[in-house]
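Peer 1: For reference, the structure I am asking about is given below.
The values are calculated or read from the model by the stated rules, or taken from the named source; none is laboratory data. Only a predicted model underlies this, so the values are computations on that prediction, with no experimental measurement involved. Quick reminder, even Gly has a Cβ in these numbers, built from the backbone with ideal geometry, and neighbours come from all protein chains shown. We work out accessible area using only protein heavy atoms, side chains counted, and drop any ligands, DNA or RNA first. Shrake-Rupley method; radii C 1.70, N 1.55, O 1.52, S 1.80 Å.
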Amino acid sequence: MTSIQQDPGSFRDPLSRVFIGDGKVVRAFTEMGAKDIKAVWEKPFIQKSLASGALIESTIVEPSSVGLAAPWTMAMTHPLVPFISYPYEWTFSMLKDAALLQLDVTRGALADGIGVKDATPYNVQFIGSSAQFIDAGSFERRRKGDPWYGYRQFCEMFLYPLMMQGYLGVGFQQFMRGAVNGISPDTMRKLLPASIRRPRKGRMTHVVLHAAAQNRFANSEVNMKSGAAKAGMNASVLDATLKKLTGIVQKLSLGDKKSTWSEYSERGHYIESSLDEKQRFVRDAVASAPRKQVWDIGCNDGVFSRIAAAHADYVVAMDADPLVVDRLYNTLKVEQSKKILPLYVDMSDSGGGIGWRGQERPGIFDRGNPDMVLVLAVIHHLAITFHIPLAAQLDMFRELTPEMVIEMPHADDPMVQKLLVNKRAGIHDDFNLDEFERLLTERFDIKSKMLLSSGTRTIFHVTRKG
Amino acid sequence: MFSYLDAGTGSMLVSILGSGLAGIGVLWKMARGKVTGKSVTNLEDASADAEESDSSHD
């Protein structure tokens, strides 16, 4: 069995690596890493977390049984996560739930004498709306006097992004996508001045003093760990820190609750029969073959994602409005949905990888192979608002998927007219049904199409040519 | 057996402070050098003891 490949995003912990292939994930450990993990693996916290599903299913195997040799002396297998997502694609509530899971895991481990090596949101994945801790290699035996090694990372990658949204009303996603290591204490201190009038619990200690202490000790060679241990620093002190941080994170809430689309649905412009027939059309298209993974681009409140989920193994529901997606996530969470993964994705600005060589966190198109994509009420926004030509959009969809349901609003559609109102006359004259259908049929075969009752939109079910 | 991350001196101090009263006590002792007999800025020589292979957690 030699078909597994090393995950390009797995290299930061020198003691373990992740490999992917043969329908599973393999985590391999060096001799030192194996020693860490063996010392804690049978402890009640780990076993309880495995049983509850908070920690990803993990089976210890011989490295040779999965095609690995030296330096790997131990390995474990995990099931594949249906779709890998990253914190800059999550909404506020998703990052908050991931933060609380990280804190919960760290506290539970600490109580059982286990140290958690880091505190990054990349330790967490969402299976539908359920957060799961996936980095089974994070655990090690905690030694007397050990600090919480992940504290700074927790601040930079969980706490500050959440504060940014909760205290400033500024979306964290662009920052997280722009910096794979998160937001530094110094940057956060500058972003979060004392003059802000919103609640700002945790600012003084975790932002202001943190930034000051980092600057003060930037060139220090002091062995602070030793001094702290001798001064009585112990697990209960760390637990108190974790507990207080949990309280801060729990109290953080989404600031602005309105956005362009969160209070508005294009469906509001449809006459009732149009919506019914559109749902029927989508249902028939999705149900016409077994589907492993469907992407719903421009999912809004998820009505079509739910239709797709009834006929597919997994649905990735994407929208360019994080507040709309946050609302969908919270609804799916209440329903305990594990089949629909809601993500904040702006198709006009997606696709590139980030981190080391741009490969550490691959772009969204490199993380999934949808066998069907729904593109409903989307292309006019991309074409008119973001000036992405229809041909370029269809080229992208052709590369992405063998089958698609796509909705084309005509030039006289009220939403198209609204988007055009302040545009120079004539510059979007090529945005019309005839031109769209010409471009579409160059790339796809039309299986069926329907003019919606509104009379201003046509919906197509197409398969890729060739 | 340590995390691959550097806890960072400044971050470590603040993480202790973040625990509240218990942490302030620890920081006070560190600052006063009551345990090591040395100030917080001169603790290098006191490192070895805490690196012992104590298998129990505290």
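Peer 1: Please calculate the 1.4 Å probe accessible area of A:Met32, with all protein chains present, and give it to the nearest 10 Å².
Peer 2: Roughly 110 Å² of A:Met32 is accessible to a 1.4 Å probe.
Peer 1: What does the accessible area per residue of chain A come to in Å², with a 1.4 Å probe and no ligands, DNA or RNA counted?
Peer 2: Details: 19210 Å² over 466 residues.
It amounts to 41 Å² per residue over chain A.
Peer 1: Taking only the alpha carbons of the range A:274-336, what extent do you get along each of the three principal axes, in Å, biggest first?
Peer 2: Principal extents (largest minus smallest coordinate, Cα): 32, 27, 20 Å.
Peer 1: Using protein chains only and a probe of 1.4 angstrom, how many square angstrom of A:Asp430 are accessible, to the nearest 10?
Peer 2: Counting only protein heavy atoms, A:Asp430 exposes about 90 Å² to solvent.
Peer 1: Could you look at the range A:171-218 and say what percent of its accessible area is carbon and sulfur, using a 1.4 Å probe and all protein chains?
Peer 2: Working: 1360 of 2580 Å².
Answer for the range A:171-218 is 53 percent, counting heavy atoms of protein chains only.
Peer 1: What translational D, rounded to a whole number of µm²/s, comes out for the range A:124-251 from Stokes-Einstein when the hydrodynamic radius is the Kirkwood one over Cα pairs, at 10 °C and 1.306 mPa s?
Peer 2: Numbers: Rh = 16.4 Å.
In µm²/s, the coefficient rounds to 97.
Peer 1: How many partner chain Cβ atoms sit within 10 Å of a residue's Cβ in peptide A:114-122, on average, as a whole number? Please report the intermediate quantities before stating the final value.
Peer 2: Details: counts 1, 4, 1, 5, 3, 2, 1, 0, 0.
Counting Cβ atoms of other protein chains within 10 Å of each residue's Cβ and averaging gives 2.
Peer 1: With the cut-off at 23 Å, report for the range A:338-466 the share of all Cα pairs above it, as a whole percent. Provide the component values of the computation, followed by the final result.
Peer 2: Working: 3140 of 8256 pairs.
More than 23 Å apart: 38 percent of the Cα pairs in the range A:338-466.
Peer 1: When only Cα pairs under 8 Å and 6 or more residues apart are kept, what is the percent relative contact order across the range A:133-216?
Peer 2: Working: 54 pairs, mean separation 21.4, N = 84.
This gives 25 percent for the range A:133-216.
Peer 1: Using Cα pairs closer than 8 Å and at least 6 residues apart in sequence, work out the relative contact order for chain A, in percent. It would help to have the intermediate numbers written out before the result.
Peer 2: On the way: 767 pairs, mean separation 57.7, N = 466.
Relative contact order of chain A: 12 percent.
Peer 1: Mind listing the Cα extents of the range A:1-143 along all three principal axes, in Å, largest one first?
Peer 2: 41, 34, 26
Peer 1: Shifting gears a bit: Let me have the relative contact order for the range A:266-464, percent, based on Cα pairs under 8 Å that are six or more residues apart. Before the final figure, lay out the partial values.
Peer 2: Details: 322 pairs, mean separation 37.8, N = 199.
It comes to 19 percent, rounded to a whole number.
Peer 1: Ranked highest first by average number of other Cβ atoms within 10 Å, how do A:376-383, A:174-181, A:154-161 line up? Walk me through the numbers before you get to the answer.
Peer 2: Details: A:376-383: 22.0, A:174-181: 16.0, A:154-161: 27.2.
Ranked from most to least packed, the peptides come out as A:154-161, A:376-383, A:174-181.
Peer 1: Still on this structure, I have one more. Ballpark to the nearest 100 Å², how much total accessible area do B and A bury together, probe 1.4 Å? The partial results should precede the final answer.
Peer 2: On the way: alone 5210 and 21270 Å², together 22120 Å².
Summed over both sides, the interface buries about 4400 Å².
Peer 1: Per the helix-only calculation at 222 nm, which mean residue ellipticity applies to chain A, given -39500 (n - 2.57) for every DSSP H run of n ≥ 4 and division by its residues, nearest 500 deg cm²/dmol? Mind showing how you got there, number by number?
Peer 2: On the way: 16 runs with 161 residues, N = 466.
It lands at -10000 deg cm²/dmol.
Peer 1: Which peptide among A:397-404, A:46-53 comes first, and what is the full order, when sorted by highest mean count of other Cβ atoms within 10 Å? It would help to have the intermediate numbers written out before the result.
Peer 2: Numbers: A:397-404: 18.8, A:46-53: 14.4.
With the highest mean Cβ count within 10 Å placed first, the list reads A:397-404, A:46-53.
Peer 1: Follow-up question, since we're still on this one. Determine the alpha carbon to alpha carbon distance for each of A:Lys35/A:Lys230; A:Lys35/A:Lys339; A:Lys48/A:Lys251; A:Lys38/B:Lys29; A:Lys190/A:Lys423; A:Lys24/A:Lys447 and list only those over 30 Å.
Peer 2: Working: A:Lys35/A:Lys230 27 Å; A:Lys35/A:Lys339 37 Å; A:Lys48/A:Lys251 27 Å; A:Lys38/B:Lys29 35 Å; A:Lys190/A:Lys423 38 Å; A:Lys24/A:Lys447 35 Å.
Violating the 30 Å limit, Cα to Cα: A:Lys35/A:Lys339; A:Lys38/B:Lys29; A:Lys190/A:Lys423; A:Lys24/A:Lys447.
Peer 1: Post the alpha-carbon centroid distance, the range A:310-356 to the range A:83-129, in whole angstrom.
Peer 2: 17 Å
Peer 1: Sorted from largest down, what three extents in whole angstroms do the Cα atoms of the protein assembly as shown have along their principal axes?
Peer 2: Computed over the Cα atoms, the extents are 84, 60, 38 Å.
Peer 1: Against the longest alpha carbon principal axis of chain A, how many degrees, from 0 to 90 and to the nearest 10, is the axis of helix A:92-111 turned?
Peer 2: Helix A:92-111 sits at roughly 20 degrees to that axis.
Peer 1: While we're looking at this one, here's another question. Mind grabbing the accessible area of A:Phe386 for me, 1.4 Å probe, Å², rounded to tens?
Peer 2: Approximately 100 Å² for this residue.
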